[in-house]
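Trainee: Right, I'll just put the structure down here and ask away after.
Derivation of every value follows stated rules applied to the coordinates shown; laboratory data play no part. All values reported here derive from a predicted model rather than from experimental measurement. Positions of Cβ are backbone-derived with ideal geometry, glycine not excepted, and every protein chain shown enters the neighbour counts.
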Amino acid sequence: MTSEATPGRATDSVAEDERERIEADVEFAAAERLTFFSDAVVAIALTLLALELPVPEGDSIREVLRGLQDGIGEYIAFAISFAVISGHWRNHHRVFRYVARVDRRFIQLNLLWLFLVVITPWSTRLLSDGEINILRFGQYAAIQTVEFSLLAIMINVLIRSDMLRPGTDPARLEESLHRVVPVAVGFGLSIACYPLLVLLGLSPYLSYALWGVLPTVVGFAGRALRRQPTAQLPDGPTRPPKRYRGNR
C-alpha cells in the first residue's frame, strides 16, 4: 500500500509546486505593472512641468532676452522641480527592482505618493507665479516633505516585509532609506528657516538654496551618527547594531 500511495503524493507535490510557481509569477507581474504605471505617471508629471514654462516673445534679440529675464522665476522653479521629481524616481526605481510582490496596503501608499508627484507641477506654478512668500514657499516644501516621507515609509515597509525577491539584502534598501529621510527632514526644516532669512533681510529667492543645503547637512549628520561606536553594555560585549529584517 505504501508503494501505491507514493506516486500520488509525488504528483500532489509537483502540482503544489506548480501552483506556487504560477502564483509567484502572477504576483511578480502585478508588481511590475505597478512599477510601469508609476514610471508613466512620473514621466507625465515631468512633461507637465515643461508645458508650464513661459515662452519669451519679441522680434529682436533684446526683447527675447527681456522675456527670458522676466520669466527667470519660472525657469528656476522648473529646474528645482525637475531635480526633485527625478530624485523621487531614482529612489523609487532603485527600490522597486527588488520587489517581487505587493499587497493592498503598499499599493495604496504608492498611489498616494503618485498623487503628490502629479500635483507637484501645480505646486511649482503656485511657487513661481508671483513674489515668493512664506505661503508659496511653505506649500511646496510641505508637499515635498510628505512626498519624501511616504517614499521612506514604503521603503521601510518593504524592508520589514516578505515582498522582496528571495536573497535580497535589506541593506540595499536601507541605503535608499538613508538617502530619502534627510531630504524629507531638510524640506521640513526649510519651512522654519524661511522666516529667519526674511528677518535677516536676505533675498527670499535664497531660500531655494535651503532645499539643497539642509538635506545635505542632515545627511552628513546621519552618516556621522551611524559611524559612532555602539554603546557597550555594563557587563557584556558591545551591543551589535540593530538590523531590519527582510524576508520572513
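Trainee: What is the gain in length, in nm to one decimal, between Gln139 and Leu206 on full extension, counting 0.36 nm per residue of separation less the C-alpha to C-alpha distance?
Mentor: So the chain would gain 22.4 nm between Gln139 and Leu206.
Trainee: Quick one: grab the alpha carbon gyration tensor of region 79-128, order the square roots of its eigenvalues as a ≥ b ≥ c, and give me rounded if a/c is under 1.5, else prolate or oblate depending on whether a/b is larger than b/c.
Mentor: oblate
Trainee: For a quick check: with amide H placed at 1.01 Å from N, whose amide H comes under 5 Å from Leu164's, ignoring anything fewer than 5 positions away on the same chain?
Mentor: Counting only residues 5 or more places away or on other chains, the set is Ala100.
Trainee: Which ³J(HN,Hα) values, rounded to whole Hz and listed in residue order, are derived for region 175-192 from phi using the Karplus coefficients 6.51, -1.76 and 1.60 in 6.51 cos²θ - 1.76 cosθ + 1.60 with θ = phi - 60°, glycine and proline given as x?
Mentor: Once θ is set to phi - 60°, the couplings for region 175-192 become 4, 5, 4, 6, 7, 7, 4, x, 5, 4, 5, x, 5, x, 5, 4, 5, 6 Hz.
Trainee: Can you give me the C-alpha center-to-center distance between region 19-95 and region 108-165, rounded to a whole angstrom?
Mentor: 13
Trainee: So, by mean Cβ neighbours within 10 angstrom, what's the order for 185-195, 96-106, 218-228 with the highest one leading?
Mentor: Those peptides, ordered most packed to least, come out 185-195, 96-106, 218-228.
Trainee: I've got another one for you. So what's the net charge close to Asp129: Lys and Arg +1, Asp and Glu -1, counting the other residues with Cβ under 10 Å from its Cβ?
Mentor: Surrounding charge for Asp129 is -1.
Trainee: Now for a separate question. State, as an integer percentage, the relative contact order of region 9-227 based on alpha-carbon contacts under 8 Å between residues 6 or more apart. Please report the intermediate quantities before stating the final value.
Mentor: Values: 200 pairs, mean separation 42.3, N = 219.
Relative contact order, region 9-227: 19 percent.
Trainee: If you consider only alpha-carbon coordinates, what radius of gyration and Dmax does region 9-227 have, in Å?
Mentor: 21.7, 85
Trainee: What is the fewest-to-most order of Leu200, Leu116 by other Cβ atoms lying within 10 Å of their Cβ?
Mentor: Working: Leu200 8, Leu116 19.
Starting with the residue having the fewest Cβ neighbours, the order is Leu200, Leu116.
Trainee: Where does each of 153-164, 58-69 land if you order them by average Cβ count within 10 Å, highest first?
Mentor: Per-residue mean Cβ counts within 10 Å order the peptides as 153-164, 58-69.
Trainee: How would you rank 165-175, 47-57, highest first, on the average number of other Cβ atoms within 10 Å across their residues?
Mentor: The packing order, highest mean first, is 165-175, 47-57.
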